[in-house]
Each structure stands twice: as structure tokens, then as C-alpha cells.
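Working notes, structure below.
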Amino acid sequence: MDRRSFLTTGLAAGAALTAGNTVHAAETKPKKFGGFNLKYAPHFGMFKNLAGNDLIDQLKFMRDEGFVALEDNNMMGRDVETQNSIAGEMQRLGIEMGVFVAYKDFQNPTLASGNQDELDKALEEMKKAVECAKRVNAKWCTVVPGTIAHNLEPDYQTRNVVEALKRMAAVCEPSGLTMVLESLNRWTNHPDLFLWKIPQAYMICQAVGSPSCKILDDLYHQQISEGNLIPNMEMAWEEIPYIQVGDNPGRKEPTTGEINYRNIFKWLYNKGYEGIVGMEHGNSQPGPEGEKAVIAAYREVDDFETT
């Protein structure tokens, strides 16, 4: 029997078997975004051994591997020519821009203090962020409100943060840029920060009441701060347009720690989430083999049944 006859016979037999089988698994849908069910976003440097140091070559490599989004925390610090070059290549490749860091302070009680000079600095940074976002077609930017103000009661600090964010959101609203507030854990990475839990971020976003002030839910940080990841996402869902991930302990790629990312990603998919999932972590292994391991890990945890 030649190959064509074999294939024809085999396909016919398979169709007949399927038709006669009344109980069978539901057909799995094709991947929604490039090579994955979700928009996973690597960052520059994650695949530099495989792709080279050139940022454009790294973008091409990411897209060839099926990634359709990018994060770049350092985008605001790049010169305008580089920003334009990155944006042009992303548009050509069909890669969506994720978050960049617009405003952060890990050492000082900036927004919580109620200090006008600190607020003025924050507003200037947001103006720069709006211009950067226009160049690179970004919809979201990360904001970290600073540390606790130890000389003020917590409720006064919250009031100060809310009022500052209202002013900052007003800068963003005309352009459609959305600040996403990142709650970071106090135990492993950032002691003394003001914002560290999702319910706290939810309350603040509700108080600010602006479409330009929402939550970035970094599941690595929240596993350490509070756990209960899916229920906490569910409770605050109306304020969460952006997700970041990293496994715990270690803050490396999924499958290297205790978080069941396959279940989480399946939940996000079934929730209808079409936002970005930022790969906000390091590689567990060095060199090109470590970079291949990152890609393999995402293929593994993205391998869930969709119907």
C-alpha cells in the first residue's frame, strides 16, 4: 500500500471510529495568541544567549517562539530613537507592549507622606510616562507608591496615596494610559513598602475611581504576602487588567516552585482574560539551556484543555 492510500484509509477508519464512539473528549481549541493560550510577555535579556544582545533580534526570537507581548521596565530610560525602533519592530511583528515602570520608590515614603514636593515629582514622571507610552503604543505603566510614612497613622497615609493617585490619574486619562499599582511583598524583596496586598490595592483603586488607576497583580509577590491567589483575583477582578508571574520560592519560571500555574492560567483563560501575563522573573538556569527551559516551562503550564 502506498503512502497516499495508507493515509486515506487511516483517516477514513479514524473517522468511522469517532462517529461510532458516543463518549469522547471535547475538541481542544487552537491556541489563541501566537503559540499560547495567553499573552505571555518576556522581557529583554531573558533570551539573550539564544537571540543575541541586539534588542530587535530578541524581539524576533520572542515572536518566533510564539510570544505576542513584551514587558520592558526600563523603557522610560531608553532614548527616543531606541523607543521608536522597538515600537516599529513590535508593530511589524504583531507584538503588544506590556507595562513599563513609570514611577517607583522603594526607599522613601513619597506618596504616603502627603509631601507636595514629592507629589510634584510624581506628576512630572507621569507626564513623561504619557509621552513614552504614545511612542511605544503602551496601555499600562507600573506605579509603586513608596514606603510607609512611620510618622503618620495608616489611615492618613491611605488618604494621601489616594489623593496623589487621583492627581496622577488625571494626567493619564486624556491619553488612555492606565497606571497599574503593584503590591509587592514585604517579607522577601521589599520591606517597609506601603502597598503590599491585593485587598489594599482594590480599596485604593475604588477610592480613586478612575479608569486610569487599576491593579497589577504580581502572583509571585502575592503568594508570599497573602496566598489564596485565585480567590483574591476573583474578589478584586473588576480592578485587575494586568497579571505578572514568577514562581515561589526563587522568583524563577513556572514549574520551579510551589505555585500551580497550569491551574491559574486555565482559570484566567476560562475567565476570558485577554490581557498580558508578564514574565516578571529570572531564569532558574544560566545560559542557553536555561533559556530553553523557560520556554519549555511556559509550554508545559499552558498545556491545559480548552473547550
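Here's a check for you: in region 172-231, which residue that is assigned to a helix (DSSP H, G or I) and among the hydroxyl-bearing types (S, T, Y) is surrounded by the fewest Cβ atoms within 10 Å (Cβ to Cβ)?
Residues of region 172-231 that are assigned to a helix (DSSP H, G or I), as a first pass: 172-175, 198-208, 219-225, 229-231.
When the remaining residues are screened for being among the hydroxyl-bearing types (S, T, Y), the result is 175, 202, 220, 225.
Values: S175: 14, Y202: 22, Y220: 24, S225: 19.
Filtering first and then ranking leaves S175.
Kindly provide the set of residues from region 284-307 that are free of Cβ contacts under 8 Å to residues at least 12 places away in the same chain and of a type in the set (D, E), ordered by number.
E289
With the requirement that a residue be charged (D, E, K, R) and within 19 Å of L216 (Cβ to Cβ), what does region 103-127 give you?
Listed by number, the residues that qualify are K104, D105, E125.
Of the residues that sit in region 245-283 and are in a strand (DSSP E or B), in contact with a helix residue (DSSP H, G or I) (Cβ under 9 Å, 6 or more places away or on another chain) and in contact (Cβ under 8 Å) with a residue 60 or more places away in the chain, which one is surrounded by the fewest Cβ atoms within 10 Å (Cβ to Cβ)? Spell out the reasoning first.
Within region 245-283, the first condition is being in a strand (DSSP E or B), and the residues that meet it are 245, 276-279.
Going one step further and asking which of them are in contact with a helix residue (DSSP H, G or I) (Cβ under 9 Å, 6 or more places away or on another chain), we end up with 245, 277, 279.
Within this subset, residues satisfying the condition of being in contact (Cβ under 8 Å) with a residue 60 or more places away in the chain are 277, 279.
Numbers: V277: 27, M279: 25.
My answer is M279.
Which residues, counting only those in region 284-302, are surrounded by 13 or more Cβ atoms within 10 Å (Cβ to Cβ) and part of a loop (DSSP other than H, G, I, E, B)?
Listed by number, the residues that qualify are S284, Q285, D302.
Is it the case, given these coordinates, that A138 is in contact (Cβ under 8 Å) with a residue 40 or more places away in the chain and closer than 28 Å to G246 by Cα?
yes
Among (1) in contact with a Ser or Thr (Cβ under 7 Å, 6 or more places away or on another chain); (2) closer than 22 Å to P30 by Cα, which single condition is V101 missing?
Among (1) in contact with a Ser or Thr (Cβ under 7 Å, 6 or more places away or on another chain); (2) closer than 22 Å to P30 by Cα, the lone unmet condition for V101 is (2).
Given the conditions (1) more than 19 Å from S284 (Cβ to Cβ); (2) surrounded by fewer than 20 Cβ atoms within 10 Å (Cβ to Cβ), which single one is not true for I86?
(2)
Please tell me if A149 is assigned to a loop (DSSP other than H, G, I, E, B) and either modelled with pLDDT of 95 or more or surrounded by fewer than 20 Cβ atoms within 10 Å (Cβ to Cβ) (or both).
On the way: assigned to a loop (DSSP other than H, G, I, E, B): yes; either modelled with pLDDT of 95 or more or surrounded by fewer than 20 Cβ atoms within 10 Å (Cβ to Cβ) (or both): yes.
So A149 passes the test.
So Y156 fits all but one of (1) over 24 Å from Y298 (Cβ atoms); (2) of a type outside the set (A, V, I, L, M); (3) out of contact with any Gly (no Cβ under 8 Å at 6 or more places or on another chain); what number is the exception?
(3)
Mind checking which pairs have a first residue in region 57-73 that is crowded, with 21+ Cβ neighbours inside 10 Å and a second that is in a loop (DSSP other than H, G, I, E, B) and modelled with pLDDT under 95, Cβ under 6 Å, 6 or more apart or different chains?
V68/G34
The values are calculated or read from the model by the stated rules, or taken from the named source; none is laboratory data. Here the structure is a predicted model, which means the values were calculated and not measured. All Cβ positions, glycine included, derive from the backbone under ideal geometry; neighbour counts span all protein chains shown.
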